[in-house]
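Structure, as structure tokens:
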Amino acid sequence: MRGLKPTLLALCIAGVPPAAVAEIQRLDDSMMGSITGQAGVTIELETKLNIDRFIYTDEGSLEINDIFVGGTNRTDMFSEMNLNLNGAATDRLDNIRINIDVASDGDAIINLLPLSFNAVDVRVSTGAWNLTGTGGSTTILDNFNMDALIGSGTIRIDTATDKLNFKTDIAIDDMDFDVPFLALGIRDFQLTSADYDLQAPQPLKLFAYVDLDIYKAPNSQNVESLAIDLQTFEADIRIGSVIVGGTSIGSVALDNLSITDTSMLIYGH
């Protein structure tokens with residue numbers, strides 16, 4: 001809506017008692033700065049996403065088929081705790097509240113958390129990942145399915161450093177996939193925090209913590225690039241079955257995996 005026309009504004013002022021007009025003062029910049037609105041915006045989200053095909057093309061192409069993002073439609077996540085961690089079974093991505101705020105220093109803060117004292121269950125699945133070109137087609141990944149719990153997530157854009165910081169707590173209950181061109185399959189992949197004890201499982205010890213800084217930085221040729229820094233990541237990983245040539249060759253466990261001081265630059269060539 002545009003501002004009031006001068007004639008309408010004059011009529012409005014004319015209707016104000018003289019004593020009230022005497023109290024009207026012009027606001028300078030410092031006074032305007034002390035006037036604030038509401039404390040941000042909250043969004044409650046419930047959704048699911050289906051994509052028939054995603055195609056990235058360079059000279060050849062990478063195709064990812066039958067992409068689904070939604071709820072796990074399960075209530076038995078991390079069954080060793082015998083807890084209904086994710087509420088009612090549904091294939092929708094739900095139980096999410098998104099709080100959006102802009103701090104006094106200009107930082108944008110997006111906080112993702114469950115609506116109730118719970119975790120957000122999420123399923124990501126895809127069909128075949130195909131590399132295609134003039135030489136033919138190769139399926140590098142197929143039958144991907146991941147059921148995970150997300151405890152929280154925070155995105156902060158810092159105006160002082162021009163960095164996007166992303167934090168989340170995540171636990172993977174089950175992930176399966178095949179790598180057809182290597183005749184390799186992974187079944188019952190789990191990821192938890194390094195402190196999670198299967199013999200004495202505790203919900204607050206379940207999640208692995210991820211902290212990423214994302215920003216622009218020059219590469220070795222002084223070309224601006226996408227920079228991603230991972231300060232620390234600690235987790236336990238368990239793989240129920242490694243399949244080679246259609247036969248299981250056993251299970252794998254990584255105890256107290258620690259990845260530190262990791263930096264990555266991404267740019268075109």
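The values are calculated or read from the model by the stated rules, or taken from the named source; none is laboratory data. A quick note: this is a predicted structure, and the numbers were derived from the prediction, not measured. Ideal geometry is used to build each Cβ from the backbone, glycine not excepted, and the neighbour counts take in all protein chains shown. Remember, those area values only see protein heavy atoms, side chains included, never the ligands or the DNA or RNA. Shrake-Rupley method; radii C 1.70, N 1.55, O 1.52, S 1.80 Å.
Check off (1) within 30 Å of residue 83 (Cβ to Cβ); (2) out of contact with any strand residue (DSSP E or B) (no Cβ under 6 Å at 6 or more places or on another chain) for residue 269 and give me the number that stays unchecked.
Answer for residue 269: the failing condition is (1).
Before we move on, is residue 198 free of Cβ contacts under 8 Å to residues at least 24 places away in the same chain, of a type in the set (A, V, I, L, M, F, W, C) and surrounded by fewer than 13 Cβ atoms within 10 Å (Cβ to Cβ)?
Criteria not met by residue 198.
For residues in the stretch 40-67 being under 30 Å from residue 99 (Cα atoms), in contact with a Lys or Arg (Cβ under 7 Å, 6 or more places away or on another chain) and part of a strand (DSSP E or B), which is least open to solvent (accessible area, probe 1.4 Å)?
47
What single numbered condition from (1) part of a loop (DSSP other than H, G, I, E, B); (2) at pLDDT 50 or above fails to hold for residue 37?
Only one criterion in (1) part of a loop (DSSP other than H, G, I, E, B); (2) at pLDDT 50 or above is unmet by residue 37, namely (2).
Return the residues of the stretch 91-120 that are free of Cβ contacts under 8 Å to residues at least 40 places away in the same chain and farther than 19 Å from residue 207 by Cα; say none if nothing qualifies.
If the condition is that a residue be free of Cβ contacts under 8 Å to residues at least 40 places away in the same chain and farther than 19 Å from residue 207 by Cα, then 103, 104 are the ones that fit.
Looking at the stretch 172-200, which of its residues are in contact with a strand residue (DSSP E or B) (Cβ under 9 Å, 6 or more places away or on another chain) and not in a strand (DSSP E or B)?
Within the stretch 172-200, 180, 181, 182, 183, 193, 194, 195, 196, 198 meet the criteria.
Just checking, does the stretch 138-151 include any residue being under 30 Å from residue 88 (Cα atoms), in contact with a Lys or Arg (Cβ under 7 Å, 6 or more places away or on another chain) and open to solvent by less than 30 Å² (accessible area, probe 1.4 Å)?
Yes, that holds for at least one residue.
If I go through the stretch 96-128 residue by residue, how many of them are in a strand (DSSP E or B), polar (S, T, N, Q) and either out of contact with any strand residue (DSSP E or B) (no Cβ under 9 Å at 6 or more places or on another chain) or open to solvent by 30 Å² or more (accessible area, probe 1.4 Å) (or both)?
Count: 2.
Take the residues in the stretch 129-142 that are in contact (Cβ under 8 Å) with a residue 40 or more places away in the chain and not in a loop (DSSP other than H, G, I, E, B), then tell me which one is nearest to the chain's Cα centre (by Cα).
Across the stretch 129-142, the extreme among qualifying residues is 129.
State all residues of the stretch 206-244 that are surrounded by fewer than 14 Cβ atoms within 10 Å (Cβ to Cβ) and either outside any strand (DSSP E or B) or at positive phi (or both); if no residue qualifies, say none.
Passing the criteria: 219, 220, 221, 222, 223.
Give the residues of the stretch 82-95 that are loosely packed, with under 13 Cβ neighbours inside 10 Å and among the hydrophobic types (A, V, I, L, M, F, W, C), sorted by residue number.
Answer for the stretch 82-95, where residues must be loosely packed, with under 13 Cβ neighbours inside 10 Å and among the hydrophobic types (A, V, I, L, M, F, W, C): just 88.
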